[in-house]
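*Asks:* Structure incoming, see below.
The values are calculated or read from the model by the stated rules, or taken from the named source; none is laboratory data. Please read these numbers as outputs of a predicted model, since none were measured by experiment. All Cβ positions, even for glycine, are placed from backbone atoms using ideal geometry, and neighbour counts span all protein chains on display. Surface accessibility is based on the protein's heavy atoms, side chains included, excluding ligands, DNA and RNA. Shrake-Rupley method; radii C 1.70, N 1.55, O 1.52, S 1.80 Å.
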Amino acid sequence: MTDTVSYRPKAGEIPTQPGVYRFRDANKRVLYVGKAQNLRARLSNYFAPLRSLHERTRRMVTTASSVEWTVVGTDVEALQLEYTWIKEFDPPFNVKFRDDKSYPFMAITLADEAPRVMVTRNQKIKGAKYFGPYPKIWAVHDTIDLMIKAFPIRTCSDSSYKKAMQTGRPCFPGQIGRCGGPCSGKVTIEEHRELVNDFIAFMNGHDKRFVTETTKRMREASEAQEYEKAARFRDQLQALDAVLEKSTVVLADSVDTDLFGIEHDELAAAVQQFIVRGGRIRGVRAWMVDKELDLTTAELVDSILQTAYEGLVPPREIIVPDLPDDARELEQWLSERRGTSKVTLKTAQRGEKAALMQTATLNAKNALMLYKMRRSSDFVARTEALTDIQNGLGMPDAPLRMECFDVSHLGGTNVVASMVVFEDGLARKDQYRRFTIPETTDDTDSIYQVITRRLAYLEEGSERSESDTAAKKFSYPPNLLIVDGGQPQVQAAARALRESGVQGIFLAGLAKRLEEIWLPDDDYPVILPRGSEALFLLQRIRDEAHRFAITHQRARRKRDIHSVLSEIPGLGPARVKTLLKEFGSVSKLKEATPEQIAEVKGVGPTLAATIHQQLRA
């Protein structure tokens, strides 16, 4: 492998000013667009020795055949140009958004003579004010139905409005009480505009003023014995209360913010955007991101915010998991989009916002898990994945049965291993196995022991009893045996396979850091295409093996802790639970003095002395 690519520019040719760069392939297709505060410093990272590059970065620069750059005046201009070029060229190595284009919005057509409230997916209506997005279209309709009871503004179509204003006859929605515009004949254009302003103010979060004013008017009308008028105010108040009940109160009334929860792995990211206005969650937006290059959370934030506010006005405050390096420039770019005031990027460290960020992140974590499960359970996707694995690894047949092994330990102790089984691309949980490894030196030795024990079923399967269920389940060999790890783990598994004498099993290792696949005796890994169904399936198998091993390891550790304490006379389950809650672990309890143990509720000096003596014996 050469040290670097042939098209590397000379260092003196690359300027040190801010700018945007593009990598192109031999057909002049743009592969990747990036920005830099210092073009020379940034591009030098791509032209380091190829062996030192991240695997996916190496694949991008070796696929490209040229690089070009454009110098701009400021870092903000670099951000703007990067955004424009990504939209124009759709580079394959930039992140891909599986965006929520189908999410509905509530729109108020402020550019119209009599603004109309409507449900739309079009975010480019000139002069419109948007609220949302909403998770379901019925949620928008429900909100509009309640809002027009409190603020009766126009809902009819433009053609109905025009006809009603020309003829003097109310529009049909107005005749049945579903439209409160000037076309209904109940208000003037000026009065209607005031209602529209109140509608928007309430939706923007100024809730208490309208509730207080409506309550006051209802009481005044009631005291004046104007009961029909009081009833109308009562209905408006009920509608306002119903809208407020549908929006969960999470923060102070004055808070307008967007929170972004992000969960990602090597291949994809899930994004959850919580839209908080007036301290209430007004909408939730969710989408997936396909990653081609390896990106940190902060780098993802940069790309996500550029996409999230396409055609939308950002709030004054945006809360993200990590701040990108160009946070200040990004704030300026977002402030220009807002137009009226400065936009601030923050991370939530403590308090209510941090708690809400945890909720958004948990939703993102669940969304990523569901996304991966759906991809792996789809029949067409599974078939494509198995075929691609066969071709990518050079297997003679499709891997209809795959077994994956993972080792877990706690500081070198409590070493356990897991084996998960996938047949036809689906998990066979009834055939999962756990292994306890009593004596081991390292991960490679653990892998060797586990694979040896698993292959013993194939060696001795014919000699086992017909009633031996385990023997029946494991008497057939896998087409593909996968270990979690790189070359050392694969070599350990290969040694076990050779010594067993079992033939016809293909072996591979999946290394988590770069998601590369190692085969026995190969100097370089196999790199499956990013976003491919094959890589998703292999990653799912590896993650399932890791989860199963960790679950077993934690269960054993919990049993060990309780067994140590339960052997002490006078300690029942309740006191064991109290002691562990107070000290956190048996090791910390061992370090405690008898006096400290005696301070725990339900443990006296005598029992404390016994506990101290037994644990140190």
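*Asks:* Over 32 Å between Cα atoms, which of Lys365/Lys590; Lys129/Lys162; Lys87/Lys126 qualify?
*Replies:* Values: Lys365/Lys590 37 Å; Lys129/Lys162 22 Å; Lys87/Lys126 21 Å.
From Lys365/Lys590; Lys129/Lys162; Lys87/Lys126, over 32 Å: Lys365/Lys590.
*Asks:* Using +1 at the Cβ of each Lys and Arg and -1 at the Cβ of each Asp and Glu in the stretch 143-221, identify which of Ala150, Thr214, Ala164 lies farthest towards the dipole's positive end.
*Replies:* Ala164
*Asks:* Just to be sure I understand the model, the point goes 7 Å from the Cα along the line to the Cβ. What's the resulting Glu582 to Leu370 distance in nm?
*Replies:* Calculated label separation equals 4.4 nm.
*Asks:* Under the rule a/c < 1.5 gives rounded, and otherwise a/b versus b/c splits prolate from oblate, where does the stretch 144-213 land using the Cα gyration tensor? Don't skip to the answer; put the middle values down first.
*Replies:* Working: a/c = 2.61, a/b = 2.18, b/c = 1.19.
It comes out prolate by the Cα gyration axes.
*Asks:* Can you figure out the FRET efficiency of Thr167 with Glu190, using R₀ = 35 Å and their beta-carbon distance, to the nearest 0.05? Don't skip to the answer; put the middle values down first.
*Replies:* Details: r = 21 Å, r/R0 = 0.61.
FRET efficiency, Thr167 to Glu190: 0.95.
*Asks:* Compute the distance in nm between two label points, each set 7 Å from the Cα along the Cα-to-Cβ direction, one at Lys28 and one at Val526.
*Replies:* Distance between label points: 3.7 nm.
*Asks:* Hey, another quick one. For the stretch 1-82, what class follows from the C-alpha gyration tensor (a ≥ b ≥ c being the square roots of its eigenvalues): rounded when a/c is under 1.5, otherwise prolate if a/b is larger than b/c, else oblate? Intermediate results must be reported in sequence, preceding the final value.
*Replies:* Working: a/c = 1.95, a/b = 1.56, b/c = 1.25.
The shape class here is prolate.
*Asks:* Could I ask something else about it? Quick one: putting +1 on the C-beta of Lys and Arg, -1 on the C-beta of Asp and Glu, what dipole do you get for the stretch 106-224 around its Cα centre, in Debye to the nearest 20?
*Replies:* Once rounded to the nearest 20, the dipole reads 360 debye.
*Asks:* Provide the per residue accessible area, probe 1.4 Å, for the stretch 102-182, rounded to a whole number of square angstrom. Show your work: numbers first, answer last.
*Replies:* Numbers: 4140 Å² over 81 residues.
Per-residue accessible area for the stretch 102-182 comes out at 51 Å².
*Asks:* Give me the number: length gained by fully extending Ser222 to Ile568, i.e. 0.36 nm times residue separation minus the C-alpha to C-alpha distance, one decimal in nm.
*Replies:* On the way: separation 346, 0.36 × 346 = 124.56 nm, distance 7.39 nm.
Going from the current span to full extension adds 117.2 nm.
*Asks:* For the stretch 481-545, which trypsin sites (Lys or Arg not before Pro) pass both filters: DSSP loop (anything but H, G, I, E, B) and at most 13 other C-beta atoms within 10 Å?
*Replies:* Numbers: sites: Arg495, Arg498, Lys512, Arg513, Arg530, Arg540, Arg542; in loops: Lys512, Arg513, Arg530.
Answer by residue number: Arg513.
*Asks:* Moving on. Carbon and sulfur together cover what percent of the accessible area of the stretch 312-400 at a 1.4 Å probe radius? Walk me through the intermediate numbers first.
*Replies:* Numbers: 2520 of 4920 Å².
That share works out to 51 percent.
*Asks:* Sort the stretch 286-361 into rounded, prolate or oblate with this rule: let a ≥ b ≥ c be the square roots of the eigenvalues of the Cα gyration tensor; rounded if a/c is under 1.5, and if a/c is not under 1.5, prolate when a/b is larger than b/c, oblate otherwise.
*Replies:* Working: a/c = 1.56, a/b = 1.09, b/c = 1.44.
Verdict is oblate for the stretch 286-361.
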